[in-house]
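Data first, discussion second: the structure below is written as structure tokens.
The values are calculated or read from the model by the stated rules, or taken from the named source; none is laboratory data. Quick caveat: nothing in here was measured; it's all calculated off a predicted structure. Neighbour counts run over all protein chains shown; Cβ positions are idealised from the backbone, glycine included. For accessibility, only protein heavy atoms count, side chains too; no ligands or nucleic acids. Shrake-Rupley method; radii C 1.70, N 1.55, O 1.52, S 1.80 Å.
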Amino acid sequence: MARGSLELEVTVGGMPILLRTTDPAFYELLVQRYQDFLTSFTQPQFQFDVELTDIPESDPDADVSVTRAGADWQFRRGDFFAQWNPESGRGTVRQNANPYSIDSVLRIVHSLLLAREGGFLLHAASAVREGEAHIFTGRSGAGKTTLSRMAPTEVKLLTDEVSYVRKSMNGYVGYGTPFAGELAKAGENISAPLAAVYLLVQGPENRLEPMDEAEAIRTLMRNILFFAQDEAAVQSVFKSACEFAAKVPMYRMIFTRSSQAWDVIGATRQIEMMA
């Protein structure tokens, strides 16, 4: 450990990642940003040394390059460069002093880790209601943030931007993430068994239409966040999408941008559980 270094562990989806920096101001920024996802483990499996540089700031939505270089992965964007060895669990990040860069590195690392075990990150909002996780995906402007804002008081938001799906012994689990979207609010650090995925489509009424498996796979592949330019890794993600679509109900959700959409979800779940 470098002299004067500061450490914090950010655990998302049950996977702790240690971040180490020598800059006190940046450390405090990270503590504030990930405050609800901080944990303490004596031997985290993955860790990154973060070095601050004068790299110019870049659009956080700009294209990122994720390539394999021997046993290492390399992540590049205008505002950061990272190198990571998944076997040793160690990596380095060179970036400017903004939280968007390390946010992107963490998303990439989690997408690679999930691909190895049948899970994925999805461009989607998600929430927990009555002990079950529900995921809402769709094109930009489809209403993911709107639906999140109009959720009943008992609904707990997992994310309004990046949904975290992990395979379990009994199915799939949705986890909260600190990766915020338009709401600029981190999700709650909780998890729940995944009940269903909904593709939001604006329409004149609120109703659900079941998707067939082929459409479900296409929907997932359009919205899964995966950055690596590696054929084996991409094939792994496709396999994960196929297995997921065969096991988890997926619906096309015709949506009027009203809170009544939540009533439709509740009624459909009651019917499914009685069947």
Distance in nm between SER5 and SER258 label points, each 7 Å along Cα→Cβ, equals 5.7
Among beta bridges assigned by DSSP with both residues in segment 119-275, the antiparallel ones amount in percent, to the nearest 5, to 70
For segment 124-261, dividing by residue count, accessible area per residue (probe 1.4 Å) in Å² works out to 45
Most packed first (mean Cβ within 10 Å per residue), the peptides 84-96, 28-40 order as 84-96, 28-40
Excluding residues fewer than 8 positions from LYS185 in its own chain, the aspartates and glutamates with Cα under 16 Å of it are ASP36, ASP103, ASP160, GLU161
The extension gain from ASP230 to GLN45, computed as 0.36 nm times the residue separation minus the Cα-Cα distance, is 64.3 nm
So the carbon and sulfur contribution to the accessible area of segment 165-254, 1.4 Å probe, in percent, is 50
DSSP beta bridges in the chain: the antiparallel percent, rounded to 5, is 70
If one compares the long axis through the Cα atoms of helix 260-274 with the longest principal axis of the Cα atoms of the chain, the angle in degrees, nearest 10, works out at 80
Once the in-chain neighbours fewer than 8 apart are removed, the aspartates and glutamates whose Cα is under 18 Å from LYS167 read GLU117, GLU132, GLU243
Listed by chain and number, the aspartates and glutamates with an alpha carbon less than 15 angstrom from that of LYS247, same-chain partners under 8 positions apart left out, are ASP212, GLU213, GLU215, GLU272
On the accessible surface of segment 1-156, probed at 1.4 Å with all protein chains in place, carbon and sulfur together account for a percent value of 45
From most to least accessible, 1.4 Å probe, no ligand or DNA/RNA atoms counted, THR153, THR177 line up as THR153, THR177
Looks like segment 88-176, by Cα gyration tensor root eigenvalues a ≥ b ≥ c and the a/c under 1.5 rounded cutoff (else prolate when a/b is bigger than b/c, oblate otherwise), is oblate
If the chain between MET169 and GLN32 were fully extended at 0.36 nm per residue, the gain over the current Cα-Cα distance would be 45.9 nm
Env charge @ VAL162, Cβ radius under 10 Å, K,R +1 / D,E -1, value -2
Residue separation between GLU215 and SER140 times 0.36 nm, minus their alpha-carbon distance, gives in nm 25.1 nm
